[in-house]
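First up is the structure itself, then whatever we jot down about it.
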Amino acid sequence: MFRLAPDLHRSQDKRDFFAPSYWRELDETDADLGGTNPIPLDLPAAGGTQKVVLALGKDRHAYLLDRNDLGGIGGSLVAEIVAKNAIRTAPAAYPAADGVFVAFQGAGAQCPKSASDNDLTVLKLRAGAPPGIATAWCGVLRGAGAPIVTTTDGHSDPIVWIVGAEGDNRLHGFKGDIGEPLFTGGGPAEAMAGVRRFQTLIAAEDRLYVAADGRVYAFGF
């Protein structure tokens, strides 16, 4: 990961780039940071906010970086294993009362071992020195869609939505703060057909749309 100047010049200053300390091994085994996009986040802190960047890797790690000093090679503020497998697809972030939630597709490292279908993990990030990363809750579904979040006003009543693409092929909705299932895809004959992995659904007005092979599914919410 690196920061570009307005003229797209790439700096060699360690404040302007980050890579894990074992980046060469990750590159050789296709376990790099390229499976998701980094997210700039403002963590609520006493007297203001702590400006960080979250990077989720195919090496199962979450890396939190200082947004003003990315740290160079191995210079993250925090590096923790948060998933059981490679993290891919775009994550989704939304506010918490004392931090920020981040949802990603995949089984979390701290998800219940007794549940084999925890294919949604939500982290809670808090400001600090160093900042904290904890698993807030895990969502039960099978599939490899990418999560989105809807709210009533930009921050209230968050719902995390995800499609069980190439798994159960159903739409799932969870209460954003505690992970309570709100929608589990309907009846036995209501699974979607032709939904491909890495699918990101679209929210518009009072509808959720899921694109599939040769068709679009719409859900009211």
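Name the residues in region 115-138 that are aliphatic (A, V, I, L, M), touching a residue at least 60 places away in the same chain (Cβ under 8 Å) and not in a loop (DSSP other than H, G, I, E, B), would you?
Initial filter on region 115-138 (aliphatic (A, V, I, L, M)): 115, 120, 122-123, 125, 127, 129, 133-134, 136.
With touching a residue at least 60 places away in the same chain (Cβ under 8 Å) added as a condition, the list becomes 123, 125, 127, 133.
Once the filter is applied, which keeps residues that are aliphatic (A, V, I, L, M), touching a residue at least 60 places away in the same chain (Cβ under 8 Å) and not in a loop (DSSP other than H, G, I, E, B), region 115-138 yields LEU123, LEU125, ILE133.
For a quick check of your reading of the model, give me the residue pairs whose first member lies in region 13-24 and is of a type in the set (D, E, K, R), whose second is surrounded by 13 or more Cβ atoms within 10 Å (Cβ to Cβ) and outside any loop (DSSP other than H, G, I, E, B), with beta-carbon atoms closer than 6 Å and at least 6 apart or on different chains.
Within 6 Å, the pairs are LYS14/GLY72; ARG15/ASP69.
Of all residues being of a type in the set (Gly, Ala, Ser) and at positive phi in region 22-55, which is farthest from the chain's Cα centre (by Cα)? Just the residue, please. It would help to see each step written out before you state the result.
So the first thing to find is which residues in region 22-55 are of a type in the set (Gly, Ala, Ser), and the list is 31, 34-35, 45-48, 55.
Keeping just the survivors that are at positive phi gives 47-48.
Values: GLY47: 27, GLY48: 24 Å.
Among those that are of a type in the set (Gly, Ala, Ser) and at positive phi, it is GLY47.
Mind checking which pairs have a first residue in region 151-178 that is farther than 26 Å from ALA212 by Cα and a second that is hydroxyl-bearing (Ser, Thr, Tyr) and not in a strand (DSSP E or B), Cβ under 9 Å, 6 or more apart or different chains?
Pairs found: ASP157/THR151.
For ALA129, indicate whether it is aliphatic (A, V, I, L, M) and at pLDDT 95 or above.
Values: aliphatic (A, V, I, L, M): yes; at pLDDT 95 or above: no.
When the stated conditions are applied, ALA129 does not pass them.
Determine which member of the set PRO44, PRO20 is surrounded by fewer than 21 Cβ atoms within 10 Å (Cβ to Cβ), at pLDDT 90 or above, farther than 29 Å from THR184 by Cα and of a type outside the set (A, V, I, L, M, F, W, C). Break it down stepwise before answering.
Working: PRO20 fails: surrounded by fewer than 21 Cβ atoms within 10 Å (Cβ to Cβ).
So the residue among PRO44, PRO20 that is surrounded by fewer than 21 Cβ atoms within 10 Å (Cβ to Cβ), at pLDDT 90 or above, farther than 29 Å from THR184 by Cα and of a type outside the set (A, V, I, L, M, F, W, C) is PRO44.
Step by step: first the residues of region 77-89, then only those that are of a type in the set (Gly, Ala, Ser) and part of a strand (DSSP E or B), then the one that is nearest to the chain's Cα centre (by Cα). Which residue is that?
Applying the first criterion (of a type in the set (Gly, Ala, Ser)) to region 77-89 yields 79, 83, 86.
Applying the additional criterion that residues be part of a strand (DSSP E or B) yields 79, 83.
On the way: ALA79: 15, ALA83: 11 Å.
Result: ALA83.
Mind counting the residues in region 13-58 that are farther than 19 Å from PRO130 by Cβ, out of contact with any Pro (no Cβ under 7 Å at 6 or more places or on another chain) and not aliphatic (A, V, I, L, M)?
Summing the residues that are farther than 19 Å from PRO130 by Cβ, out of contact with any Pro (no Cβ under 7 Å at 6 or more places or on another chain) and not aliphatic (A, V, I, L, M) in region 13-58 gives 16.
Could you tell me whether ALA136 is under 24 Å from LYS175 (Cα atoms) and under 15 Å from the mean Cα position of the chain (by Cα)? So that I can check it myself, show each step before the final result.
On the way: under 24 Å from LYS175 (Cα atoms): yes; under 15 Å from the mean Cα position of the chain (by Cα): yes.
Against the criterion (under 24 Å from LYS175 (Cα atoms) and under 15 Å from the mean Cα position of the chain (by Cα)), ALA136 qualifies.
Please determine whether any residue of region 56-76 is within 20 Å of GLY176 (Cβ to Cβ), surrounded by 13 or more Cβ atoms within 10 Å (Cβ to Cβ) and under 19 Å from the mean Cα position of the chain (by Cα). Reasoning before the result, please.
Taking region 56-76 and keeping what is within 20 Å of GLY176 (Cβ to Cβ), we get 56, 62.
Now narrow it down to the ones that are surrounded by 13 or more Cβ atoms within 10 Å (Cβ to Cβ): 56, 62.
This time we only want the ones that are under 19 Å from the mean Cα position of the chain (by Cα), so: 56, 62.
Yes, region 56-76 contains a residue that is within 20 Å of GLY176 (Cβ to Cβ), surrounded by 13 or more Cβ atoms within 10 Å (Cβ to Cβ) and under 19 Å from the mean Cα position of the chain (by Cα).
So, PRO112, is that one touching a residue at least 60 places away in the same chain (Cβ under 8 Å), surrounded by fewer than 20 Cβ atoms within 10 Å (Cβ to Cβ) and either more than 12 Å from the chain's Cα centre (by Cα) or under 26 Å from LYS51 (Cα atoms) (or both) or not?
Working: touching a residue at least 60 places away in the same chain (Cβ under 8 Å): no; surrounded by fewer than 20 Cβ atoms within 10 Å (Cβ to Cβ): yes; either more than 12 Å from the chain's Cα centre (by Cα) or under 26 Å from LYS51 (Cα atoms) (or both): yes.
The answer is no for PRO112.
Is there a residue being within 27 Å of THR135 (Cα to Cα) and among the acidic types (Asp, Glu) anywhere in region 185-194? Reasoning before the result, please.
To start, the set of residues in region 185-194 that are within 27 Å of THR135 (Cα to Cα) comprises 185.
Of the ones still in play, those that are also among the acidic types (Asp, Glu) are none.
Looking through region 185-194, none of the residues is within 27 Å of THR135 (Cα to Cα) and among the acidic types (Asp, Glu).
Scan region 139-150 residue by residue and report those that are within 19 Å of TYR209 (Cβ to Cβ) and part of a strand (DSSP E or B). Even if it seems obvious, please write down each step before you answer.
We begin by selecting, within region 139-150, every residue within 19 Å of TYR209 (Cβ to Cβ); these are 141, 143-150.
Residues satisfying the conditions are LEU141, ALA146, ILE148, VAL149, THR150.
Go through region 139-148 residue by residue and tally those that are surrounded by fewer than 21 Cβ atoms within 10 Å (Cβ to Cβ) and modelled with pLDDT of 95 or more.
1
The values are calculated or read from the model by the stated rules, or taken from the named source; none is laboratory data. Quick caveat, the model's predicted, so the values are computed rather than measured. Glycine also receives a Cβ, built like all others from the backbone with ideal geometry; neighbour counts cover every protein chain displayed.
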